[in-house]
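Working notes, beginning with the structure itself.
The values are calculated or read from the model by the stated rules, or taken from the named source; none is laboratory data. Just so we're clear, the structure is a prediction, and the values are computed from it rather than from any experiment. For neighbour counting, all protein chains shown are included, and Cβ atoms are generated from backbone atoms with ideal geometry for every residue, glycine included. Accessible surface areas use protein heavy atoms only, side chains included; no ligands, DNA or RNA. Shrake-Rupley method; radii C 1.70, N 1.55, O 1.52, S 1.80 Å.
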Amino acid sequence: MRLLAVKISFFILFLVITFFPKNILAIKYSSCDINKDDWYKIIDFDKDVSVEIFYNECKLNLKDYRYLAIPINNKSSEKLFVDAIWGNGKKWLDFNARYIVKPNSIDTVKYLIHRNKKELDKDWLNHFPNARGFPNGVHSHWKTINLNELNYIKLKVSANKNIDNDSVFFKAPFGKSNYEPIQFKDQSIPIIDELGQYSSANWEGKTENIDQLKKQGEIDQQLYKSAKFRTDHSIYGGFKKVGKFNASGFFRTQKIDDKWWFIDPDGYPFWSIGVTGAGKGNQTKILNKEFLFSDISDEINILSISNSNKISNKRGINYYNLNLIRKYGKNWEEVHHDVTIGRYKNWGINTFGAWSIVQNKSDIPFTLVASTKKQNIGKIENTIDPFNPQFIIDLKNNLNNFKNLNNDPWLMGVFVHNEIHWGKNLDIPIELLKLSNSPARSALESFFQNKYSSIKEMNQVWSSNYENFKDINDQIDIKNQKVHSDLKDFFEFYVDYYFKTVDREFRKVFPNHLYLGCRLYEKTHGNKIVRKIAAKYCDVLSYNVYKYSLTDFDFFKNLNKPVIIGEFHFGTGTHGVWGTGLRVAYNLEQQAELYKQFVYEASINPAIIGAHWFQWTDQPATGRFDGENFRIGFVSITDQPYQNLVDATKHINSNLLEWRK
């Protein structure tokens, strides 16, 4: 009888696999059962995980390698998105990455392995303590595991269209490319050449000398001086083919056939393809480590005072600006402005994203960022106290700095703040309970004083014994549902007060323009209170999104407001720049493919009306002000374009309207 039951169970499993392959759970393997020379079929493309491989016994030690590699055979006619997660069982340390496999091809997908800072050469860290990467493929991240303790690898395989169940196969994962970090004592000095490039490596496109820069400057002026948007676009870059709608003379938003759009000043639907930081580079610190950099003091000393201030101070050097002076000469800022606009139009980029400096007399739509100084509320860092009178003063001053642009039709809209740390619903209220004196604390006391007729009534509800409203503190039972509800209500009041205040002051200065929100960062994406109230006041909700995919980015679908992605990128950690990015690409080709797919997914989302790549230039190899040193630019530190990204954005511009349909 038992044998019969087993046979029936296997028969049922056979039927499920044969006739309902899309509905089965992920296939699970023990690494001991996978032969490194055999191909294994992937048959489930709809689940969060298609394949799970466990390394409980037969271990995979990645410690001596730069990449986790997995051979993939794609027999389908579609691009495959191979997402991997690997870890040791502690989910908060799971690392994820994506690799795109071409149709009808066999490829070895490669995922960069990050290291814990504790493993790195201390001499490198002494000179560059906050760098995200170091030479020869050394990349650090807090989210790393002991690579001897790899417990599992999970693969999710997907495509933009349905693919056949007999078309995708994988082989056993393995480590690839030896991990051979350069010890600081073995590093040639100076580390950085006169152009700001890493001196101990060569790569395709590396600028050899200043004369090459000058020649390229002449070429770029000829190539881009008269560039225009395509003829099927409006002068602002809007899509003429969609039709013409009410022309207000300024950018506005409108829903057309259940899809949101910007509408440009001439009335044409517009989808914002942007890059942040247009025309500018980052300074790198040299103080107390000048010997690591080639001596360029004589060249800087002969510059005019205005130019030298834009290149160097006692703390650091902006090599990008220095290279622009070398490239274009006396009127470098004006020439660079014109070339950058020409590049944008030629490449199909239609918006200067946040922190761009090329916006005066611009004939490219642009955005602004108005901001005030952030502060800490207890343990919550980088947040705002909207009840602080100084906040109102600073907000008014910063908005008024741009008031002369209110009548500029090229101004697409204004972001106010960037990545405020809101915390979870109770975080700020609980921190305020601990404080004794701050404007937000006073607002908390007034809020409860208005809610309750007396402290006695509040004590009854909270099961507390405060003497007065100034006495309230965190010595209460947070699990008490009444306390929990009251603190949540205050947080909603707090958030509403912030957005209401910004909206009021914004409309006074910019009655003609769009309030683009505060560029919510990842930890706030899931906060329902923040997004609900942001939607109440903002014309467009803005999110900074560092993810490989937007397929699950739909939590705002019931808010009936358009959304713009203020930042995203994929970095490579190549071409002399040591760090990768907040999301990683194996090489330039993969970077371009990830970029195209991300914008494709954004464009088919009815609410999303734009996506802005962060940023225009690579960060310095030795790090910007906070040490971040990512290879994420459309151009290098010597202003050389990365052709893969250029071709990708041309492809995006040519296909976006069809995707949007």
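Candidates 461, 421, 411 compared by Cα position along the dipole of segment 411-466: farthest toward the positive end lies 461, with charges placed on Cβ. Here's how it looks for residue 268: its modeled amide H is under 5 Å from those of 245, which are all 5 or more places away or on a different chain. With contacts taken as Cα pairs under 8 Å and at least 6 residues apart, segment 565-661 reaches a relative contact order of 32 percent.
For segment 231-322, the percent of C-alpha pairs falling in each 5 Å distance bin, counted from 0 to the bin holding the largest distance, reads 3, 12, 17, 12, 7, 5, 5, 8, 10, 11, 7, 3, 0. Only lysine pairs 8 or more places apart, or on different chains, with alpha-carbon atoms under 13 angstrom apart are counted in segment 512-614, and they number 6. For segment 520-577, the solvent-accessible area works out to 34 Å² per residue, with a probe of 1.4 Å and every protein chain left in place.
Each stretch of four or more DSSP H residues adds -39500 (n - 2.57); spread over every residue of the chain, this sum gives -9000 deg cm²/dmol at 222 nm.
Beyond 27 Å, the tail of the calculated P(r) for segment 516-661 holds 26 percent of the Cα pairs.
Projected onto its three principal axes, the C-alpha set of the chain covers 79, 79, 60 Å, listed from the longest axis down. With θ taken as phi - 60° and the Karplus curve 6.51 cos²θ - 1.76 cosθ + 1.60 applied, the whole-hertz 3J(HN,Hα) list for segment 104-112 is 6, 8, 10, 9, 9, 5, 10, 10, 5 Hz, x standing for glycine and proline. If I take all pairs of Cα atoms in segment 57-110, what percentage of them are more than 19 Å from each other? Tail of the P(r) past 19 Å holds 40 percent of the pairs.
Packing order of peptides 271-277, 335-341, 554-560, 93-99, highest average first: 271-277, 335-341, 93-99, 554-560 (average count of other Cβ atoms within 10 Å over each peptide's residues). Accessible surface area normalised per residue over segment 408-500 is 47 Å², counting heavy atoms of protein chains with a 1.4 Å rolling probe.
Residue separation of residue 528 and residue 244 scaled by 0.36 nm, minus their Cα-Cα distance, works out to 98.7 nm of gained length. With contacts taken as Cα pairs under 8 Å and at least 6 residues apart, the chain reaches a relative contact order of 14 percent.
Carbon and sulfur atoms: what percent of the 1.4 Å accessible area of the chain do they account for?
In the chain, the share of accessible area belonging to carbon and sulfur is 48 percent.
For the chain, taking a cut-off of 4.7 Å between Cβ atoms, the unpaired cysteines are 518, 538. Annotation note: GluC sites (Glu not before Pro) in segment 392-488 located in DSSP loop regions with a Cβ neighbour count of at most 10 within 10 Å are 467. Among 384, 430, the sequence by solvent-accessible area, most first, with a 1.4 Å probe is 430, 384. Listed by chain and number, the aspartates and glutamates placed with their C-alpha closer than 13 angstrom to that of residue 228 are 338, 363; residues fewer than eight positions away on the same chain are left out.
When only the Cβ of Lys, Arg, Asp and Glu is charged (+1, +1, -1, -1), the dipole of segment 82-153 relative to its Cα centre reaches about 180 debye. Principal axis extents of the C-alpha atoms in segment 296-359 (largest first, rounded to whole Å): 40, 23, 16. With a ≥ b ≥ c the root eigenvalues of the C-alpha gyration tensor of segment 392-493, is it rounded (a/c under 1.5), prolate (a/b larger than b/c) or oblate? Here segment 392-493 falls in the prolate category. In the context of the full set of protein chains, residues of segment 40-161 present 44 Å² of accessible surface per residue (probe radius 1.4 Å, heavy atoms only).
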